[in-house]
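Undergrad: Dropping a structure here in structure tokens format, bear with me for questions.
The values are calculated or read from the model by the stated rules, or taken from the named source; none is laboratory data. All figures in this text were calculated on a predicted structure; none of them were measured in a lab. Note: ideal-geometry Cβ built from the backbone for every residue, glycine included; neighbour counts use all protein chains shown.
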Amino acid sequence: MSAQVYEQITNLIEKSQKILILTHARADCDGLGSALSAYLVLKEMGKDVTVSTNDPAPENLMFLPSINIVRNSVSDSNKFVISVDASRVKLDKIEVDEQGDKVNIVITPADGILTQADVTFPTGADKYDLIMVLDTGNLEHLGPLYDKNVELFYETPVINIDHHASNTEFGQINLVDVTASSATEILFEYLEWLENKKKKKMITEDVATLLLGGIITDTGSFQHANTSPRALDTSAKLLDLGARQQEIIKHIFKTKKLSTLKLWGIILSKVQVDPVHRMVWSTISKDDLQEADADPSETEGIIDDLLTNAPGAEIIFLIKQNPDLVSISMRSTNNQADVGKFSADNGGGGHIRAAGFKVKDGRGFEEIVNEVVGKVRQYQAERLNIHGQPIVEPIVNPIENPIVEKPQSANNRPTIGISTGRKGDLFGL
Ligand SMILES: [Mn+2]
């Protein structure tokens, strides 16, 4: 089946000259890695390629090859265009008349008179022959970049390459594989096929580095459940092709800003555990961000650290206050606790074990936190068939008051135990 889709993608690329590559807002290493590797390959094929994503890349991804070509709008140039309709009045000459700080563009018609109605200032999107959207479950996830250019998506064929379970198949061609660890894993398999078909090397060391970056980050360094034999096999092939794994690890996992460490400290000090409902969560408010002098993107990664260090918990989530909304990132440790479905039911989406959703922040953060925690607890109560009052055990300061491993409960259900012997050991911080 894939080969047929591969053929369709290849045909469409070959027919197109001007190609726009997009990935989701607040792009991560898989989004940018897949977009930039596609960029490098298409450019090598002689295409005119623009890569755009709504937000500037986070600092720790500035090492990615070709990151500097990424734009934050769908325009492919910084030119300002003044357009004159010459269908009615023939033009004779166009002059530029500089007067101090002012520049007049003087257009003289051959006959007749030009009016304001003949002049327009076309802005926004350029014409593209093809749009490729990578690592993006639906077009809304492109953020304001999509809202501002909706018509572009009606006029232009879209190829959708993604691995999110919630993908809405919005493309004319959809290469969606929810069993893939990352978008770059899917793209690698296509590029491998393409190399074979064209009898031409396309996966250079830079392309391999970008592709491996997506797999490493989306699997949490091969720690998440999506670390399949296929993801490992693909990674081995990419290393063989010259992917610079140490460079990825160094920039993404071993370099943390002081503000990030401060922020993590704040989040960890607010971790709460409900052992009965097997859930662990923490919150991060605007004030916390300010206190740590941190950017909201700096919370990325902490949910995965919570996950790997909260044995017994089934659902781990982080509630984060952003400028206008509250975002909830969720992780699950088994396929029965389906945070993908839970998030979808709350207007978000994702995978069974990694998902998220957003809530409008009009009511005050505390209230939203209580509501979200209540919903997760209810979901778990129904799943686990728990009746009666929840037992909540807030950890005021986990470093000073470590939770000690608890004995098994009466009905032999394992309870959560986060044990930490030494100060600062919790969650591997
Ligand atoms: Mn991804």
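Undergrad: On the given criteria, is Asp76 closer than 25 Å to Thr156 by Cα and either at pLDDT 85 or above or not in a helix (DSSP H, G or I) (or both)?
TA: Criteria met by Asp76.
Undergrad: Pick from Leu134, Leu130: which is assigned by TED's automatic domain parsing to the domain that holds Tyr190, at pLDDT 90 or above and out of contact with any Asp or Glu (no Cβ under 9 Å at 6 or more places or on another chain)?
TA: Leu130
Undergrad: Is it fair to say Gln172 is surrounded by fewer than 18 Cβ atoms within 10 Å (Cβ to Cβ) and modelled with pLDDT under 95?
TA: no
Undergrad: Out of curiosity, is Ile131 more than 16 Å from the ligand (Cβ to nearest atom), of a type outside the set (D, E, K, R), surrounded by 19 or more Cβ atoms within 10 Å (Cβ to Cβ) and part of a loop (DSSP other than H, G, I, E, B)?
TA: no
Undergrad: A further question on this structure: When His141 is evaluated against the numbered criteria (1) within 15 Å of Ala35 (Cβ to Cβ); (2) buried (at least 18 other Cβ atoms within 10 Å of the Cβ); (3) away from the ligand (no atom under 16 Å from the Cβ), which criterion, by number, is the only one it fails?
TA: Unmet condition: (3).
Undergrad: Separate question: Here are some residues: Ala38, Ala25, Ala117. Which one is among the aliphatic types (A, V, I, L, M), surrounded by 10 or more Cβ atoms within 10 Å (Cβ to Cβ) and over 15 Å from the mean Cα position of the chain (by Cα)?
TA: Ala38
Undergrad: While we're looking at this one, here's another question. Can you give me the number of residues within the stretch 175-214 that are out of contact with any Phe, Trp or Tyr (no Cβ under 8 Å at 6 or more places or on another chain) and closer than 22 Å to His351 by Cα?
TA: Residues meeting the conditions: 17.
Undergrad: Name the residue, out of Thr227, Thr204, Thr234, that is β-branched (Val, Ile, Thr) and within 19 Å of the chain's Cα centre (by Cα).
TA: The unique qualifying residue is Thr227.
Undergrad: When the stretch 176-202 is examined, which residues are found to be surrounded by fewer than 23 Cβ atoms within 10 Å (Cβ to Cβ), in contact (Cβ under 8 Å) with a residue 24 or more places away in the chain and not in a helix (DSSP H, G or I)?
TA: Once the filter is applied, which keeps residues that are surrounded by fewer than 23 Cβ atoms within 10 Å (Cβ to Cβ), in contact (Cβ under 8 Å) with a residue 24 or more places away in the chain and not in a helix (DSSP H, G or I), the stretch 176-202 yields Val178, Thr179, Met202.
Undergrad: Follow-up question, since we're still on this one. Restricting to the stretch 149-171, name every residue that is more than 13 Å from the ligand (Cβ to nearest atom), in a loop (DSSP other than H, G, I, E, B) and free of Cβ contacts under 8 Å to residues at least 60 places away in the same chain.
TA: Thr168, Glu169, Phe170, Gly171
Undergrad: Related question: Of the conditions (1) assigned to a helix (DSSP H, G or I); (2) outside the structural domain of Leu191 (by TED's automatic domain parsing); (3) not small (Gly, Ala, Ser), Glu247 satisfies every one except a single condition; which number is it?
TA: (2)
Undergrad: Tell me yes or no: at least one residue of the stretch 288-309 is farther than 24 Å from Phe63 by Cα and β-branched (Val, Ile, Thr).
TA: Looking for residues that are farther than 24 Å from Phe63 by Cα and β-branched (Val, Ile, Thr), one finds at least one in the stretch 288-309, hence yes.
Undergrad: Looking at Thr115, Thr50, which is the one that is among the β-branched types (Val, Ile, Thr) and touching a Leu at 6+ places or on another chain (Cβ under 7 Å)?
TA: Within the list Thr115, Thr50, the selection yields Thr50.
Undergrad: Name the residues in the stretch 238-288 that are hydrophobic (A, V, I, L, M, F, W, C), closer than 21 Å to Glu367 by Cβ and surrounded by fewer than 21 Cβ atoms within 10 Å (Cβ to Cβ), would you?
TA: Ile266
Undergrad: Going residue by residue through the stretch 28-44, is there one that turns out to be assigned to a loop (DSSP other than H, G, I, E, B) and either away from the ligand (no atom under 16 Å from the Cβ) or of a type outside the set (D, E, K, R) (or both)?
TA: No, every residue in the stretch 28-44 fails to be assigned to a loop (DSSP other than H, G, I, E, B) and either away from the ligand (no atom under 16 Å from the Cβ) or of a type outside the set (D, E, K, R) (or both).
Undergrad: Can we say Ala310 is under 23 Å from the mean Cα position of the chain (by Cα) and either hydroxyl-bearing (Ser, Thr, Tyr) or outside the structural domain of Ser182 (by TED's automatic domain parsing) (or both)?
TA: When the stated conditions are applied, Ala310 does not pass them.
Undergrad: Here's another thing I want to ask about it. Restricting to the stretch 209-231, and then to whatever is buried (at least 24 other Cβ atoms within 10 Å of the Cβ) and among the hydrophobic types (A, V, I, L, M, F, W, C), can you tell me which residue is nearest to the ligand (Cβ to nearest atom)?
TA: The qualifying residue nearest to the ligand (Cβ to nearest atom) is Ile215.
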